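Peer 1: The structure under discussion is supplied below as structure tokens; questions concerning it will follow.
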Amino acid sequence: MPRLLAIDYGIKRTGIAVTDELQIIASGLTTVDSKELLVFLKNYFAKEQVAKVLVGEPKQMNGQPSESAPLVDAFVAAFQQQFPEIPVERVDERFTSKMAFQTMIDSGLKKKQRQNKRLIDEIAATILLQDYLSRKMI
């Protein structure tokens, strides 16, 4: 069974998470520079089957798109042009970065380690994907 892949797109960095082949468990894959994301994904898709890509949709507390929404929209358009065979689903990403930071604290990471923004982005993508899987199971 193909994997699901989640993207927490950011201006500088993008966190990526994937499921196992049974689509049960979400795991952090990596964080890449956003300008290199499409090249990274092309190489990844050449090695792994992906059924769907989830892209975090940045929203404000009131549900309106955040200021980074146009950048995410542009990425999704470029993704769909380059990979038209892979469906994209937008998912609300509110609070994933805060949850990622709290996860780092809860897991006992030292303050220096918690300042690693690349790790925060990867964990945020993992939370986004695990939340999606949890809702899918209901």
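The values are calculated or read from the model by the stated rules, or taken from the named source; none is laboratory data. As the structure is a prediction and not an experimental result, all values here were calculated from the model. Because the Cβ atoms are built from the backbone with ideal geometry, glycine has one as well, and the counts that use them run over all protein chains shown.
Peer 1: Cβ-Cβ distance below 9 Å, separation of 6 or more or different chains: which pairs start in the stretch 113-136 with a residue that is farther than 19 Å from Lys52 by Cα and assigned to a helix (DSSP H, G or I) and end on one that is polar (S, T, N, Q) and modelled with pLDDT of 80 or more?
Peer 2: Note: pairs meeting the criteria are Lys117/Thr31; Arg118/Thr30; Arg118/Thr31; Leu119/Thr31; Ile120/Thr31; Asp121/Thr14; Asp121/Thr31.
Peer 1: Okay, moving on. Taking the condition of a type in the set (A, V, I, L, M), touching a helix residue (DSSP H, G or I) at 6+ places or on another chain (Cβ under 7 Å) and either under 19 Å from Ile123 (Cα atoms) or surrounded by 12 or more Cβ atoms within 10 Å (Cβ to Cβ) (or both), does Ile25 pass? Talk me through it step by step, then tell me what you get.
Peer 2: On the way: of a type in the set (A, V, I, L, M): yes; touching a helix residue (DSSP H, G or I) at 6+ places or on another chain (Cβ under 7 Å): no; either under 19 Å from Ile123 (Cα atoms) or surrounded by 12 or more Cβ atoms within 10 Å (Cβ to Cβ) (or both): yes.
Judged against the criteria, Ile25 is not a match.
Peer 1: Which condition number in (1) more than 16 Å from Arg90 (Cβ to Cβ); (2) over 11 Å from the mean Cα position of the chain (by Cα); (3) of a type outside the set (Asp, Glu) is the one that Thr30 fails?
Peer 2: (2)
Peer 1: Residue check: is Val53 β-branched (Val, Ile, Thr), more than 18 Å from Arg3 (Cβ to Cβ) and at pLDDT 75 or above?
Peer 2: no
Peer 1: When you scan the stretch 1-92 for strands (runs of 3 or more DSSP E) that lie fully inside it, which ones turn up with 3 or more residues that are among the aliphatic types (A, V, I, L, M)? Talk me through it step by step, then tell me what you get.
Peer 2: Numbers: elements: 3-8, 13-19, 26-33, 50-57, 88-92.
Because the criterion is at least 3 residues that are among the aliphatic types (A, V, I, L, M), the strands (runs of 3 or more DSSP E) in the stretch 1-92 that meet it are 3-8, 13-19, 26-33, 50-57.
Peer 1: Which residue pairs have Cβ atoms closer than 7 Å, lie 6 or more positions apart in sequence or on different chains, and pair a first residue in the stretch 54-75 that is under 24 Å from Leu41 (Cα atoms) and without any contact (Cβ under 8 Å) to a residue 60 or more places away in the chain with a second residue that is of a type in the set (Ser, Thr, Tyr) and part of a loop (DSSP other than H, G, I, E, B)?
Peer 2: Val55/Tyr9; Pro58/Ser66; Pro58/Ser68
Peer 1: Which one is farthest from the chain's Cα centre (by Cα) among residues in the stretch 45-59 that are closer than 21 Å to Ile120 by Cα and of a type outside the set (Asp, Glu)?
Peer 2: Among those that are closer than 21 Å to Ile120 by Cα and of a type outside the set (Asp, Glu), it is Lys59.
Matching residues to (1) loosely packed, with under 12 Cβ neighbours inside 10 Å; (2) at pLDDT 95 or above; (3) in contact with a strand residue (DSSP E or B) (Cβ under 8 Å, 6 or more places away or on another chain):
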{"site": "Thr30", "(1), (2), (3)": "no, yes, yes"}
{"site": "Lys59", "(1), (2), (3)": "no, no, yes"}
{"site": "Gln80", "(1), (2), (3)": "no, yes, yes"}
{"site": "Ile86", "(1), (2), (3)": "no, yes, yes"}
{"site": "Phe101", "(1), (2), (3)": "no, no, no"}
{"site": "Gly108", "(1), (2), (3)": "yes, no, no"}
